[in-house]
Amino acid sequence: MIESFNRIFIEWMTGLGMSADNAVILKEFIWALLIIIIAVIGFYITRFFILRAVHIFVARSKNRWDDILAEKRVFVRLSYLAPAIIINFLSSYLLSDYVLLIRIIKVVTYIYMVLVFTNVISALLNAIHEIYNTFPKSKEKPIKGYIQVFKIILYIITAVIIITVLMGDRNLGWLAGFGAFSAVLMLIFKDPILGFVGGIQLSANNMVKIGDWIEMPKYGADGTVIDISLTTVKVQNWNKTITTIPTYTMVTDYFTNWRGMEESGGRRIKRSVNIDMNAIKFCTPEMLERFRKFEYVSEYVDKTEKVITEYNSKRKIDNSVLVNGRRQTNIGVFRAYLKGYLSNNPKVRNDMTFLVRQLQPTPEGLPIEVYVFSKDQAWAVYEDNQADIFDHILAVIPEFDLRVFQQPTGMDFSNLRNTQ
């Protein structure tokens, strides 16, 4: 039918006085214009029906997946294939007299379709990533790095196919020399390759996930992980700045992940006060009588004094000399008081590590360290709890005839001069 139309059209045009060559050119021009018009119409019709069908389906569906696919324009991008398919199909029949032109058209349409497919697959990968992020598991096992790797592979395959189409080599023989170029590619994609390997190790070993509080002093990072990609890990610091860390350095360098603390249900309080060692002494009967009135230590004082009295009596210790036998000290009673106070504090966990201990004496005094865990983990609440505990400790120290050690200040020297 097409050949009959061509013959009738040429005869008609020559009958009107046009030369045969010009009639053929006009005929091919009309066919080319018709192909373009049909392709444009096909594109708009396809896009109209696709969009309408998608909107109807999305409106009726209750899940979130189809909404994401529509938002990422996966179906819309598919509509761009329609004009290429129409042009590629019709040109073989309507422009059969021009072999070279048909070949050029086919090459161009093939490349166009490859690019459209690449665009569609890229949008589909974005949609898959978005859908995966709707699951709680996404915070523990992010896949953004893997999506980026798939995209790189997709783009490489696209480039290979386009080059193959342009060169007309269906056997991909030109890839034989691709190995010589691999060293350059390794250099270009060094960071993505290292990042991909590092990302696998981070994920496989569960070393870090989105939402973790990490600390990496080398890169000035101290905050929450907000993004893990193929090449970088983004950390929002507590001062709201963003630190970007290469993914592979999370495997090769040192960093601290505070997730264990958050999952444990407690947050460590580890702080000490320095006691002036000149204030440490044996307890006199008057001191013990006063300590018995302290709620958290009264039972301890009675129980310990009973044990000490029995011990000294059995050994007939001369109690007129304090260094003989066993005696309670104000620093020992103070430590017992701290244990009682902290164990009755509703903000402190008793089921986790619980220590009140002496550290090595220093020129700044004798450190008494509190090593316990707060029930509250939120930073501001934790700091308030810790401050409340040590407010009380610092205020109660003089009640045990002890003094906090601190370096002399200008006021101390002024008071010393005034007393002279």
Within the bounds of segment 133-141, is there any residue that is closer than 30 Å to GLU263 by Cα, at pLDDT below 80 and in contact with a helix residue (DSSP H, G or I) (Cβ under 6 Å, 6 or more places away or on another chain)?
yes
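State whether one or more residues within segment 166-179 are more than 30 Å from TRP258 (Cα to Cα), in a helix (DSSP H, G or I) and at pLDDT 70 or above.
So in segment 166-179, the residues more than 30 Å from TRP258 (Cα to Cα) come out as 166-179.
Cutting the leftovers down to in a helix (DSSP H, G or I) gives us 166-167, 173-179.
Pick out the ones that are also at pLDDT 70 or above and you get 166-167.
Yes: one or more hits.
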Given the conditions (1) without any contact (Cβ under 8 Å) to a residue 24 or more places away in the chain; (2) outside any helix (DSSP H, G or I), which single one is not true for ASN274?
(1)
Do we have any residue at all in segment 303-324 that's crowded, with 17+ Cβ neighbours inside 10 Å, touching a residue at least 24 places away in the same chain (Cβ under 8 Å) and outside any strand (DSSP E or B)?
yes
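Quick one: which residue in GLU295, GLU286 is out of contact with any strand residue (DSSP E or B) (no Cβ under 8 Å at 6 or more places or on another chain), closer than 30 Å to GLN377 by Cβ and in the same structural domain as LEU394 (by TED's automatic domain parsing)?
GLU295
Only residues that are over 15 Å from MET207 (Cα atoms) and modelled with pLDDT of 90 or more: list them for segment 235-253, please. Explain how you work it out, then say what you get.
Within segment 235-253, the subset over 15 Å from MET207 (Cα atoms) is 236-244.
Across segment 235-253, the qualifying residues are GLN236, ASN237, THR241, ILE242, THR243.
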I'd like to verify a number: residues in segment 65-80 that are crowded, with 19+ Cβ neighbours inside 10 Å and among the small types (Gly, Ala, Ser), how many?
1
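Determine whether segment 267-280 contains at least one residue that is over 27 Å from TYR337 (Cα atoms) and either outside the structural domain of THR231 (by TED's automatic domain parsing) or at pLDDT below 90 (or both). Can you show your working first?
Step one: filter segment 267-280 for residues over 27 Å from TYR337 (Cα atoms), giving none.
No; the residues of segment 267-280 include none that is over 27 Å from TYR337 (Cα atoms) and either outside the structural domain of THR231 (by TED's automatic domain parsing) or at pLDDT below 90 (or both).
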In segment 384-403, the residues that are farther than 16 Å from TYR296 by Cβ and of a type in the set (Gly, Ala, Ser):
ALA387
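Given the structure, is PHE354 assigned by TED's automatic domain parsing to the domain that holds LEU394, over 21 Å from ALA395 (Cβ atoms) and in contact with a Leu (Cβ under 6 Å, 6 or more places away or on another chain)?
On the way: assigned by TED's automatic domain parsing to the domain that holds LEU394: yes; over 21 Å from ALA395 (Cβ atoms): yes; in contact with a Leu (Cβ under 6 Å, 6 or more places away or on another chain): no.
Taking the combined requirement at face value, the residue does not satisfy it.
If only one of LYS306, LYS339 is of a type in the set (D, E, K, R) and within 44 Å of the chain's Cα centre (by Cα), which one is it? Lay out the reasoning, then the answer.
Working: LYS306 fails: within 44 Å of the chain's Cα centre (by Cα).
On inspection, the qualifying residue turns out to be LYS339.
Is it the case that PHE334 is surrounded by fewer than 17 Cβ atoms within 10 Å (Cβ to Cβ) and either β-branched (Val, Ile, Thr) or in a helix (DSSP H, G or I) (or both)? Explain how you work it out, then say what you get.
On the way: surrounded by fewer than 17 Cβ atoms within 10 Å (Cβ to Cβ): no; either β-branched (Val, Ile, Thr) or in a helix (DSSP H, G or I) (or both): yes.
Answer is no for this residue.
The values are calculated or read from the model by the stated rules, or taken from the named source; none is laboratory data. Just so you know, these numbers come straight off a predicted model, no measurement behind them. Note that we place each Cβ from the backbone using ideal geometry, even for glycine, and neighbour counts take in every protein chain shown.
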